[in-house]
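The values are calculated or read from the model by the stated rules, or taken from the named source; none is laboratory data. Small disclaimer: the values here were computed from a predicted structure and weren't measured. Virtual Cβ from ideal backbone geometry, glycine too; neighbours counted across all protein chains shown.
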Amino acid sequence: MFAYIVRRLLYAIPILIGVNLLTFTLFFVVNSPDDMAASQLGDKYVTPEAIANWKQKNGYDKPLFLNSQAAGVGQVTDTIFFDKSVRLFAFDFGRSESGRDITTDVATRMWPSLAVALPTFLVGIGVNICVALMVVMFRGTRLDRGAVFVFVALMSISYLFYIIGGQFLVAKTWRLVPISGFHTEGQVWKFLVLPVLVGVVAGIGAGARWYRTLFLEEANQDYVRTARAKGCSELSILFRHILPNALIPILTGVVVLIPSLFMGSLLIESFFGIPGLGSYMLDAINSQDFAIVRSMVFIGSILYIVGLLLTDISYTWADPRVRLS
Amino acid sequence: MKPVLLWSDALIFLLVISLALFFWRLRHDPQTRERWAEVFSSRLGMVAFTIIAAYILVALLDSLHFRRALENPESLATQEVFYDNKVSSVFDVLTGGMGDRFERTYSAPFALLSFEKENIKDASGRDIRDFPPLRHAGQHLAHPDERTADILVKSVSALLWGLLLCALVITPQWLLLRGSALPWAASWLTQGVILCAGAWTVSISHHYHILGTDQGGADVLYQSLKGIRTGVLLGTLATLVMLPIAVTLGVMAGYFKGWVDDVVQYLYTTLSSIPGILLIAASVLLFQVYIDLNPDFFAVGMEKADAKFIALCFILGVTSWSTLCRLIRAETLKISQLGYVQAAHAFGVSHSRILGRHVLPNVVHIILITFVLDFSALVLAEAVLSYIGVGVDPSMGSWGNMINGARSELSREPTIWWTLTGAFFFMFILVLAANLFSDLVRDAFDPRTSLRRAEA
């Protein structure tokens with residue numbers, strides 16, 4: 001198992017290099033280091049010396065991918081791409097174009113993101129599984145068909161509608177919680193209730209429908225018929241037989257998401273004014289801050305790869321027959 | 001009049017024609033016929049399909065663009081014809097110029113007065129501050145109180161016209177298809193409702209703003225209808241870009257295995273490990289910069305918006321092929337182990353022929369299911385992307401742009417709800433119909449579900 005994990009982590013390196021290469025190419029196709037310097041220095045008419053100065057200071061005074069003047073390995077290593085990538089692998093994200101330290105920013109902004117994303121994730125799974133189990137109890141009846149239609153209808157509503165509708169109804173009309181904002185002291189929960197609620201409700205349609213399919217697939221298996229023939233009650237069939245056996249497909253879809261919870265949700269955070277990583281990314285996109293976008297892409301990729309690894313490990317826990325090798 | 005062919009117009013017509021040809025070629029294939037008969041044997045499938053077809057029809061009509069010839073004033077001595085800078089479509093003509101009736105700013109649905117007070121002159125010429133009357137609503141009314149009665153009378157006459165239209169459209173279908181085993185009645189009923197609603201909308205909108213107007217004074221209903229083209233085109237064109245990449249790479253990886261498989265797997269793992277929205281945002285920003293650097297490529301503003309739109313479809317397609325590719329690779333791996341492929345190998349059939357005749361036809365169901373499933377997801381994604389600011393051009397009507405422009409209006413007092421309602425309603429109906437239809441298509445074409453039903 002240990003060897004397996006190490007091997008998987010080694011596989012991650014070429015993927016991360018590829019990710020970096022892609023973001024770099026995308027960015028520098030249209031944006032030369034000179035353009036970056038000019039836009040960061042802010043002036044329409046900047047002197048060439050100022051640009052050269054800025055490039056020197058921020059480490060953009062080398063060729064992009066290939067340094068034909070250097071000798072040997074230096075052709076590849078003495079470039080902007082290599083410098084910036086190596087730093088990323090050491091988790092040194094450097095400074096954003098506005099001069100803030102990205103590593104500190106990420107470390108502080110991670111927690112508000114997690115405060116919203118984790119409850120949404122856990123409550124969401126609980127609610128979806130309960131709803132799905134309830135529907136599966138009534139499988140083949142009109143109630144089941146009606147519920148599936150409702151799920152599809154819920155899925156068809158835009159995420160933006162849930163957010164705007166939730167803010168309008170709960171915060172503006174009923175005045176139960178603030179419309180948006182975030183506090184680290186005092187009644188934090190007041191600011192968290194609405195985003196979590198919106199996130200959970202928005203996910204019910206797709207989530208419950210997916211769990212229902214998984215449970216139904218299990219409900220048609222032979223062991224369920226056997227259990228029923230032995231005289232098990234429907235409830236014990238649902239919870240003791242179907243649920244544990246549906247764990248593997250559930251884990252496949254769910255575990256991979258856990259590390260990404262740190263990244264937060266772009267839409268929820270920007271609508272509710274939560275100072276997490278999601279709104280950080282959105283701001284970076286809008287101000288075209290390449291250093292932040294690159295760091296976030298890198299972090300996102302790492303978290304995804306960790307998620308895949310966790311999924312594999314969780315299989316061994318859910319199904320003793322699975323051996324990682 | 002001078003026809004204008006935008007790139008997206010050409011692509012959507014090309015797509016529709018090739019789809020029609022594809023189904024025409026397959027019309028005698030018994031298996032395909034059976035599957036489709038299964039989809040359409042449910043009334044829900046009929047209704048959903050009719051709604052989708054209506055949306056597509058609107059999108060196609062809205063894709064026939066032209067520029068009107070301007071009438072030269074008498075004083076101008078030249079015979080040269082000048083054209084309007086504004087690009088219109090056949091759909092604009094059919095709706096009777098709904099989009100040309102601008103107000104000054106917000107107005108509520110069916111309102112006669114503007115939403116905000118302005119300085120106006122009263123009957124005796126004094127300056128007062130009051131709600132000014134709208135320019136294009138209820139001009140024919142002698143007194144504001146007649147409004148309700150007027151709307152009722154106009155509705156009845158519009159519905160009568162609608163029924164006549166229904167008779168014209170549905171009777172030929174009835175004569176042709178009455179012996180069919182499929183539930184066509186459900187489709188006719190839907191067509192009837194859509195036709196009546198259409199007739200009502202066009203006739204009432206001459207006298208009122210049915211869904212009010214937005215901040216710039218544009219008719220909200222017209223904008224929501226214009227959003228249909230954007231939504232439908234984005235949903236289909238992005239998938240069209242994705243399909244060839246995903247199918248080619250997936251089939252090659254699954255069939256040739258070895259280093260080809262390694263490369264393809266590396267490519268899609270790398271791509272899918274990047275947070276999707278960041279990748280899309282970065283690519284769109286990149287294209288934006290490119291357009292800003294080369295402004296003289298496009299003759300009218302609409303062409304620039306169109307180029308951005310095509311780029312968006314392209315970007316969405318290129319960034320989303322990994323899921324389909326993975327599915328097709330797995331299926332191809334399975335198929336290439338089967339006896340008939342091995343036999344073809346033994347007979348010395350070439351790789352390209354095996355792929356074309358034995359492998360590709362057997363992954364078509366996956367492609368079809370993905371195509372229908374992705375459609376609704378893309379329509380929803382458009383709204384989100386436009387909100388973030390990396391969606392379609394603001395000059396191009398789209399539901400996402402409407403929502404983005406209106407989201408702060410709910411906090412006003414009294415609430416301005418109609419812009420959001422219009423956008424969400426038209427988006428919801430399309431996505432719901434597409435989702436329901438995709439469920440039926442998957443049930444009919446996915447061998448796993450058909451197998452399960454055979455056992456039951």
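Results, tabulated for the structure shown:
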{"quantity": "Residue selected from region A:149-178 under the condition surrounded by 17 or more Cβ atoms within 10 Å (Cβ to Cβ) and of a type in the set (Val, Ile, Thr), by the criterion farthest from the other protein chains (Cβ to nearest Cβ)", "calculated": "A:Val177"}
{"quantity": "Search result, residues across region B:152-184 that are in contact (Cβ under 8 Å) with a residue 60 or more places away in the chain and part of a helix (DSSP H, G or I)", "calculated": "B:Trp184"}
{"quantity": "Filter pass, B:Ser205 being of a type in the set (Gly, Ala, Ser) and crowded, with 16+ Cβ neighbours inside 10 Å", "calculated": "yes"}
{"quantity": "Number of the exception - B:Ala377 against (1) farther than 30 Å from A:Ser180 by Cβ; (2) at pLDDT 90 or above", "calculated": "(1)"}
{"quantity": "Qualifying position, being over 18 Å from the mean Cα position of the chain (by Cα) and either among the small types (Gly, Ala, Ser) or assigned to a helix (DSSP H, G or I) (or both), among B:Gly422, B:Gly405, B:Gly400, B:Gly391", "calculated": "B:Gly405"}
{"quantity": "Considering residues of region B:233-282 that are within 14 Å of another protein chain (Cβ to nearest Cβ) and outside any helix (DSSP H, G or I) only, the residue nearest to A:Asp283 (Cα to Cα)", "calculated": "B:Pro275"}
{"quantity": "Test set (1) farther than 25 Å from B:Arg442 by Cβ; (2) out of contact with any Gly (no Cβ under 9 Å at 6 or more places or on another chain); (3) surrounded by 16 or more Cβ atoms within 10 Å (Cβ to Cβ) - B:Ile369 fails condition number", "calculated": "(1)"}
{"quantity": "Meets criteria (assigned to a helix (DSSP H, G or I), more than 30 Å from A:Ile17 (Cα to Cα) and touching a helix residue (DSSP H, G or I) at 6+ places or on another chain (Cβ under 9 Å)) for A:Val106", "calculated": "no"}
{"quantity": "Identity of the residue in region B:378-398, facing chain A (nearest Cβ under 8 Å) and of a type in the set (A, V, I, L, M, F, W, C), that ends up nearest to B:Ala281 (Cα to Cα)", "calculated": "B:Val390"}
{"quantity": "Some residue of region A:307-323 being surrounded by 14 or more Cβ atoms within 10 Å (Cβ to Cβ), in the same structural domain as A:Thr120 (by TED's automatic domain parsing) and within 14 Å of the chain's Cα centre (by Cα)", "calculated": "yes"}
{"quantity": "Qualifying residue in region B:434-445 (condition: at the interface with chain A (Cβ under 9 Å from one of its Cβ atoms), of a type in the set (A, V, I, L, M) and within 21 Å of B:Ala246 (Cβ to Cβ))", "calculated": "yes"}
{"quantity": "Scope region B:299-327; condition acidic (Asp, Glu) and within 16 Å of the chain's Cα centre (by Cα); matching residues", "calculated": "B:Asp306"}
{"quantity": "Counted residues, region A:255-268 - those being more than 12 Å from every other protein chain (Cβ to nearest Cβ) and crowded, with 18+ Cβ neighbours inside 10 Å", "calculated": "2"}
{"quantity": "Positions within region A:202-247 being closer than 16 Å to A:Ala132 by Cβ and of a type in the set (Gly, Ala, Ser), in sequence order", "calculated": "A:Gly203, A:Gly205, A:Ala206, A:Gly207, A:Ala208, A:Ala219, A:Ala246"}
{"quantity": "Filter result for the condition that a residue is more than 19 Å from the chain's Cα centre (by Cα) and under 26 Å from B:Ser180 (Cβ atoms), over B:Gln79, B:Gln31", "calculated": "B:Gln31"}
{"quantity": "The listed residue being touching a strand residue (DSSP E or B) at 6+ places or on another chain (Cβ under 7 Å) and within 30 Å of A:Pro259 (Cβ to Cβ), out of A:Ile129, A:Ile102, A:Ile80", "calculated": "A:Ile102"}
{"quantity": "Filtered residues of region B:221-246 (kept if closer than 23 Å to B:Gln265 by Cβ and buried (at least 24 other Cβ atoms within 10 Å of the Cβ))", "calculated": "B:Thr239, B:Met242, B:Ala246"}
{"quantity": "Odd one out for A:Val200, checked against (1) within 14 Å of chain B (Cβ to nearest Cβ); (2) part of a helix (DSSP H, G or I)", "calculated": "(1)"}
{"quantity": "Residue within region B:10-21 that is among the β-branched types (Val, Ile, Thr) and not in a helix (DSSP H, G or I) present", "calculated": "no"}
{"quantity": "Residues that are within 22 Å of A:Asp289 (Cβ to Cβ), at pLDDT 75 or above and away from chain B (no Cβ under 12 Å), drawn from region A:6-51", "calculated": "A:Ala50, A:Ile51"}
{"quantity": "Extreme residue, nearest to B:Ala311 (Cα to Cα), among residues of region B:390-427 that are among the aromatic types (Phe, Trp, Tyr) and buried (at least 18 other Cβ atoms within 10 Å of the Cβ)", "calculated": "B:Trp399"}
{"quantity": "Hits in region B:1-53 (condition: among the small types (Gly, Ala, Ser) and touching a residue at least 40 places away in the same chain (Cβ under 8 Å))", "calculated": "B:Ser8, B:Ala37, B:Ser41, B:Ser42, B:Gly45, B:Ala48"}
{"quantity": "Any hit, region A:176-190, residues being in contact with a helix residue (DSSP H, G or I) (Cβ under 8 Å, 6 or more places away or on another chain) and assigned to a helix (DSSP H, G or I)", "calculated": "yes"}
{"quantity": "So A:Gly124, is it surrounded by 14 or more Cβ atoms within 10 Å (Cβ to Cβ) and either in contact with a helix residue (DSSP H, G or I) (Cβ under 7 Å, 6 or more places away or on another chain) or modelled with pLDDT of 90 or more (or both)", "calculated": "yes"}
{"quantity": "Checklist (1) at pLDDT below 85; (2) in a helix (DSSP H, G or I); (3) in contact with a Gly (Cβ under 6 Å, 6 or more places away or on another chain); (4) of a type outside the set (Phe, Trp, Tyr) applied to B:Glu103, failing item", "calculated": "(2)"}
{"quantity": "Selection within region A:218-232 - crowded, with 16+ Cβ neighbours inside 10 Å and not small (Gly, Ala, Ser)", "calculated": "A:Glu218, A:Val224"}
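So that you can scan it fast, the table gives a plain yes or no per residue for (1) of a type in the set (Phe, Trp, Tyr); (2) within 9 Å of another protein chain (Cβ to nearest Cβ); (3) over 12 Å from the mean Cα position of the chain (by Cα):
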position	(1), (2), (3)
A:Ile237	no, no, yes
A:Leu243	no, no, yes
A:Phe272	yes, no, yes
A:Asn286	no, yes, yes
A:Asp289	no, no, yes
A:Ile292	no, no, yes
A:Ser295	no, no, yes
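One line per residue, one yes/no per condition, for (1) surrounded by fewer than 19 Cβ atoms within 10 Å (Cβ to Cβ); (2) more than 14 Å from chain A (Cβ to nearest Cβ); (3) in contact with a helix residue (DSSP H, G or I) (Cβ under 6 Å, 6 or more places away or on another chain); (4) among the hydroxyl-bearing types (Ser, Thr, Tyr):
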residue: B:Phe297; (1), (2), (3), (4): yes, yes, no, no
residue: B:Asp306; (1), (2), (3), (4): no, yes, yes, no
residue: B:Gly339; (1), (2), (3), (4): yes, yes, no, no
residue: B:Ala346; (1), (2), (3), (4): yes, yes, no, no
residue: B:Arg357; (1), (2), (3), (4): yes, yes, no, no
residue: B:Asn362; (1), (2), (3), (4): yes, yes, yes, no
